[in-house]
Amino acid sequence: QSSVTLYGIADISLGLVNDGAVRQAKIDSGTLNTSRFGFKGTEDLGGGLKANFLLEQGFSLDNGASLNDSQDGQTKLSQMFSRNAYVGLSGGFGEVRLGKVWSAFDEMNGSANAAWDSALSPSSGVFYAGAIGGYTSNPRNSVIYFTPDMSGIRGAFSYSLGENKTATVAAGSVAAVNVKYASGPLFVVLGHQTERVDGSVGMKKFTRLNANYDFGVAKLLVGVGRQSQADKATNDWTFGATVPVSNNVAISGGFAASTDNVAAGDIKRKGFGVATQYALSKRTALYAGYRTARITSPVQARLTTSLYAMGVTHSF
Amino acid sequence: QSSVTLYGIADISLGLVNDGAVRQAKIDSGTLNTSRFGFKGTEDLGGGLKANFLLEQGFSLDNGASLNDSQDGQTKLSQMFSRNAYVGLSGGFGEVRLGKVWSAFDEMNGSANAAWDSALSPSSGVFYAGAIGGYTSNPRNSVIYFTPDMSGIRGAFSYSLGENKTATVAAGSVAAVNVKYASGPLFVVLGHQTERVDGSVGMKKFTRLNANYDFGVAKLLVGVGRQSQADKATNDWTFGATVPVSNNVAISGGFAASTDNVAAGDIKRKGFGVATQYALSKRTALYAGYRTARITSPVQARLTTSLYAMGVTHSF
Amino acid sequence: QSSVTLYGIADISLGLVNDGAVRQAKIDSGTLNTSRFGFKGTEDLGGGLKANFLLEQGFSLDNGASLNDSQDGQTKLSQMFSRNAYVGLSGGFGEVRLGKVWSAFDEMNGSANAAWDSALSPSSGVFYAGAIGGYTSNPRNSVIYFTPDMSGIRGAFSYSLGENKTATVAAGSVAAVNVKYASGPLFVVLGHQTERVDGSVGMKKFTRLNANYDFGVAKLLVGVGRQSQADKATNDWTFGATVPVSNNVAISGGFAASTDNVAAGDIKRKGFGVATQYALSKRTALYAGYRTARITSPVQARLTTSLYAMGVTHSF
């Protein structure tokens, strides 16, 4: 009993959503932070060794539905813990987690996204929206290892088994690595992920380099990425800034762009996003924001999507 | 951790169920109170303002299944929190909740149902069982506002977005309002709900007026209601009484009737229900009860259904 | 709030799995203990009487999926609590539980399985793997009664309603009983279960006799069982031993065999399993093990399956 912590986030917003075809008012969950609950705990095993577990389910606060995981090409599951579910050990050697975990790529992916890496970020609807699509953020059947901090450098490596080998086709896999450097105002991280649904299809590759620099009056955020699969490739970049306006108000915004190199010519996606938070307490904040994305393609009509939203996010 | 309360109800009964065609013994969940669990919490934000959240899932204690929500005409969801899921603020201005909430109509609907507004109530199988069917009790994508108490008068208004607008059809909606008056032994409440699956179908309207008067030796319960959609209309009424027999025993029972006005002539439903509770503690009670309903139609054979049940309900 | 305990087990392993056709590495959940979480509580009602409830969900720690229950021939449910869900009373008379419970047969079934009655047990892939198949371990719509301890003898009886009666077919049912005797180093238990999907199909019968004797340096485990349905019958046996090597290391292993008597001749299944646990604390252990099963049939090619696994199990 005392060994378990029940925690979560309840986040909801009222928004005006334009998907390019229809514009309508919506009450949506997780605009700033994905709504979730979880059970977690740590047991001290002595000698600096600890056993850790975490079970975390995503849900939609607007309709009470379970969220599903993002495993590409695999059977959809009836999820109990769609976000993370692991047990592991930590100590002087670093930390190992076994189960369903954020991949080492996902652990770093959003660190340059202005507007707090949310649905209001400039990269929303721009990154991972093209020919290659998204990456598997929380792969099944995984192990991840985090190194200890070595003079500001930390690394992580994750590997995930597809477990779908047949007599003729090899099993799929997701492998990812990141290396982070943090020192004073500077934070830099490089991440890479390769994934394959199974042995019959080509490998997807995802690479990203993110950096933050905190000038005090503002933190600058810059990121570049590249995704490729067979003869397809996508390149993207984002930059932005987060400004602490007062003790309990902050604004964050920026731009993002992504280009697909395809046979018919380049498909370009550009995005802008800005959000502001007003903290009512350490656990509760009101927020408002706007984001828009525009897709220009040589073969299709220009598509513009947008979201105006105001909401509340509450941690428990 | 200290910010979350884990709570619920486990309710199960052994019953003899006659559905009109077959009579069989059943072990059923939620005969007196729907089995549920939930997480909830309140954070004091200072100045009388509070942040509140509640996440509540219904389940069947007899087979462990998730219960689903009641959103009419919408995609069935894999539910994590089928009953309620919201975050909101409360203070001197009243209370606002955003998410999946009881509609303002559902907040008042059962207050005149004898046998503790349960599956043993006289209205069970009688109300909302005809041409127009049931109302959406816990609509998705909702906001509800509760006024503060004003000399015994309180009101509530809820609005729920269908979020199913297309290029040619407007979005659906559920709108509801209630006004309550409580003073000494008297309680009166009026509620109204309109709902539309989407812009292509007619509006359903639900109205109800409930009153209670507590004479001390017994509390009288009276309710009248009307439902309509296009050229169809249903009228219903119920009355009953709840008698506190001793410190830990109470009996409640009554009658209910509902009439559909349809082209072929009136369809009439009549119901009787009675239940008794024996409290083993504040949190645990044994109960027993009987309810029956009879449907008389000009075009079909008379149908009589009934339920004898005894069970236990336990709050945690 | 103080009335609820949140508990569970997180168990995961890395294994080499050979299903007879394909051999591949897997990260799997529940190899030693099924991963689960639950809510439970006990309320003292005075006079020795207690109200008890328990809600327990199984899940896969490797992918976060919900586990389903094992009700034979019934509609698959979207499960909230797939393992157990009950409320009941206990006192001098024994204990009664109502809901979804382990049947009285399942309460005793695994007590002679070496390797801690797990996926590494010699009986894994051998017992309940033939013509008659598995038994329903946690039937829906159930009541179970446990007698109090009478000089080392305890019994239990469970009955579960199919609730699928129609105008022409009777409802199914699961009935089970066990009697246990425990005195000093000796433990003996006899169990029996009969089950029928509905009134149109033949009864399945499951019988098992298990015994343990603790010599101190080792505990011996012996079990024999028989399953039958119409003209089909299966007989099985297992024996093994569990050896406490040191304060925090134990080894357990053994053999199992099962034979189907079918028209074409006997189908034989033989299994071997061994596992070792290294306790890091009372709540956390590392484990490793191996099991293999071989099926010999007069009409099919010999099939050999096996599992090498090492993992961690953590209770919270």
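The values are calculated or read from the model by the stated rules, or taken from the named source; none is laboratory data. These numbers come from a predicted model, not from an experiment. With ideal geometry, Cβ positions are generated from the backbone for all residues, glycine too; neighbour counts draw on all protein chains shown. With ligands, DNA and RNA removed, areas are computed over all heavy atoms of the protein, side chains included. Shrake-Rupley method; radii C 1.70, N 1.55, O 1.52, S 1.80 Å.
Residue check: B:ALA175 meets all listed conditions (1) away from chain A (no Cβ under 14 Å); (2) among the small types (Gly, Ala, Ser); (3) part of a strand (DSSP E or B) but one, namely (1). Output the residue which, of all residues in region C:8-67 that are more than 22 Å from the chain's Cα centre (by Cα) and of a type in the set (Asp, Glu), is farthest from the other protein chains (Cβ to nearest Cβ). So the residue we want is C:ASP44.
Residue by residue, here is whether (1) at pLDDT 95 or above; (2) over 19 Å from B:LEU55 (Cα atoms) holds:
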residue	(1), (2)
A:ASN52	yes, yes
A:GLN57	yes, no
A:ASN68	no, no
A:GLN79	no, no
A:TYR86	yes, yes
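Taking the criterion of being open to solvent by less than 30 Å² (accessible area, probe 1.4 Å), more than 17 Å from A:LEU16 (Cβ to Cβ) and of a type in the set (Ser, Thr, Tyr), the residues of region A:287-316 that qualify are A:SER297, A:THR313.
Output the number of residues of region A:144-163 satisfying the condition of being closer than 24 Å to A:GLY92 by Cβ, hydrophobic (A, V, I, L, M, F, W, C) and surrounded by 18 or more Cβ atoms within 10 Å (Cβ to Cβ). Total meeting the criteria: 3.
Within region A:102-117, residues that are closer than 19 Å to A:THR276 by Cβ have Cβ atoms under 6 Å from residues that are open to solvent by 20 Å² or more (accessible area, probe 1.4 Å) and part of a loop (DSSP other than H, G, I, E, B) in no pair, counting only partners at least 6 apart in sequence or on another chain.
Does C:ALA275 satisfy being within 23 Å of C:GLY15 (Cβ to Cβ), open to solvent by less than 60 Å² (accessible area, probe 1.4 Å) and within 19 Å of the chain's Cα centre (by Cα)? Don't jump to the end; show me each part of the working.
Working: within 23 Å of C:GLY15 (Cβ to Cβ): yes; open to solvent by less than 60 Å² (accessible area, probe 1.4 Å): yes; within 19 Å of the chain's Cα centre (by Cα): yes.
Considered against the rule, which asks whether it is within 23 Å of C:GLY15 (Cβ to Cβ), open to solvent by less than 60 Å² (accessible area, probe 1.4 Å) and within 19 Å of the chain's Cα centre (by Cα), C:ALA275 comes out as yes.
Looking across region C:226-235, the residues that are open to solvent by 10 Å² or more (accessible area, probe 1.4 Å) and not in a loop (DSSP other than H, G, I, E, B) come down to C:ARG226, C:SER228, C:GLN229, C:LYS232, C:ALA233, C:ASN235. Return the residues of region A:120-143 that are among the hydrophobic types (A, V, I, L, M, F, W, C) and crowded, with 24+ Cβ neighbours inside 10 Å; say none if nothing qualifies. Of everything in region A:120-143, those that are among the hydrophobic types (A, V, I, L, M, F, W, C) and crowded, with 24+ Cβ neighbours inside 10 Å turn out to be A:LEU120, A:VAL126, A:PHE127.
Only one residue in A:THR238, A:THR242 is of a type in the set (Val, Ile, Thr), within 22 Å of A:GLY133 (Cα to Cα) and either open to solvent by less than 40 Å² (accessible area, probe 1.4 Å) or not in a strand (DSSP E or B) (or both). Which one? Can you show your working first?
Details: A:THR242 fails: within 22 Å of A:GLY133 (Cα to Cα).
None of the others qualify; the one that does is A:THR238.
Of all positions in region C:292-302, at least one carries a residue that is outside any loop (DSSP other than H, G, I, E, B) and touching a Phe, Trp or Tyr at 6+ places or on another chain (Cβ under 7 Å). Filtering region A:89-104 to residues that are touching a Ser or Thr at 6+ places or on another chain (Cβ under 8 Å) and either within 9 Å of chain C (Cβ to nearest Cβ) or part of a loop (DSSP other than H, G, I, E, B) (or both) leaves A:LEU98, A:GLY99, A:LYS100, A:VAL101, A:TRP102, A:SER103, A:ALA104. Within region B:272-291, residues that are on the phi < 0 side of the Ramachandran plot and touching a residue at least 12 places away in the same chain (Cβ under 8 Å) have Cβ atoms under 8 Å from residues that are of a type in the set (Phe, Trp, Tyr) and open to solvent by less than 40 Å² (accessible area, probe 1.4 Å) in these pairs: B:ALA275/B:TYR287; B:THR276/B:TYR287; B:GLN277/B:TYR287; B:TYR278/B:TYR287; B:ARG283/B:PHE316, counting only partners at least 6 apart in sequence or on another chain. Residue pairs whose Cβ atoms lie under 7 Å apart, separated by 6 or more positions or on different chains, with the first residue in region B:181-192 and modelled with pLDDT of 95 or more and the second of a type in the set (Lys, Arg), are B:VAL189/B:LYS180; B:GLY191/B:ARG208.
Collect the residues in region C:265-291 that are among the acidic types (Asp, Glu) and in a loop (DSSP other than H, G, I, E, B), keeping them in residue-number order. It would help to see each step written out before you state the result.
Initial filter on region C:265-291 (among the acidic types (Asp, Glu)): C:266.
Matches in region C:265-291: none.
Within region A:202-225, being surrounded by 15 or more Cβ atoms within 10 Å (Cβ to Cβ) and under 16 Å from A:ALA175 (Cα atoms) holds for A:LYS204, A:LYS205, A:PHE206, A:THR207, A:ARG208. Here B:SER82, B:SER70 are screened, and the one residue that is buried (at least 23 other Cβ atoms within 10 Å of the Cβ) and within 27 Å of B:ALA129 (Cβ to Cβ) is B:SER82.
Within region A:89-112, track down each residue that is among the hydrophobic types (A, V, I, L, M, F, W, C) and either closer than 12 Å to A:TYR145 by Cβ or open to solvent by less than 10 Å² (accessible area, probe 1.4 Å) (or both). Those that are among the hydrophobic types (A, V, I, L, M, F, W, C) and either closer than 12 Å to A:TYR145 by Cβ or open to solvent by less than 10 Å² (accessible area, probe 1.4 Å) (or both): A:LEU89, A:PHE93, A:VAL96, A:LEU98, A:VAL101, A:ALA104, A:PHE105, A:MET108, A:ALA112. Looking at the structure I just gave you, is B:SER111 under 17 Å from the mean Cα position of the chain (by Cα) and more than 14 Å from chain A (Cβ to nearest Cβ)? Judged against the criteria, B:SER111 is a match. Among the residues making up region B:164-182, those that are open to solvent by 50 Å² or more (accessible area, probe 1.4 Å) and within 21 Å of B:GLY110 (Cβ to Cβ) are B:VAL177, B:VAL179, B:LYS180, B:TYR181, B:ALA182.
For (1) surrounded by 24 or more Cβ atoms within 10 Å (Cβ to Cβ); (2) in contact (Cβ under 8 Å) with a residue 40 or more places away in the chain; (3) not in a loop (DSSP other than H, G, I, E, B), each residue gets a yes or a no:
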site	(1), (2), (3)
C:LYS26	no, no, yes
C:PHE39	no, no, yes
C:ASP44	no, no, yes
C:ASN52	no, yes, yes
C:GLU56	no, no, yes
C:GLN74	no, yes, no
C:VAL87	yes, no, yes
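Can we say C:ALA21 is of a type in the set (A, V, I, L, M), part of a loop (DSSP other than H, G, I, E, B) and open to solvent by 20 Å² or more (accessible area, probe 1.4 Å)? Spelling it out, C:ALA21 is indeed of a type in the set (A, V, I, L, M), part of a loop (DSSP other than H, G, I, E, B) and open to solvent by 20 Å² or more (accessible area, probe 1.4 Å). Would you say A:VAL188 is in a strand (DSSP E or B) and β-branched (Val, Ile, Thr)? Against the criterion (in a strand (DSSP E or B) and β-branched (Val, Ile, Thr)), A:VAL188 qualifies. Given the structure, is B:LYS282 charged (D, E, K, R), at pLDDT 95 or above and surrounded by fewer than 16 Cβ atoms within 10 Å (Cβ to Cβ)? For B:LYS282, the condition - charged (D, E, K, R), at pLDDT 95 or above and surrounded by fewer than 16 Cβ atoms within 10 Å (Cβ to Cβ) - is met. Can you spot a residue in region A:152-175 that is modelled with pLDDT of 95 or more, farther than 27 Å from C:GLY311 by Cβ, among the aromatic types (Phe, Trp, Tyr) and over 16 Å from the mean Cα position of the chain (by Cα)? Within region A:152-175, none of the residues are modelled with pLDDT of 95 or more, farther than 27 Å from C:GLY311 by Cβ, among the aromatic types (Phe, Trp, Tyr) and over 16 Å from the mean Cα position of the chain (by Cα).
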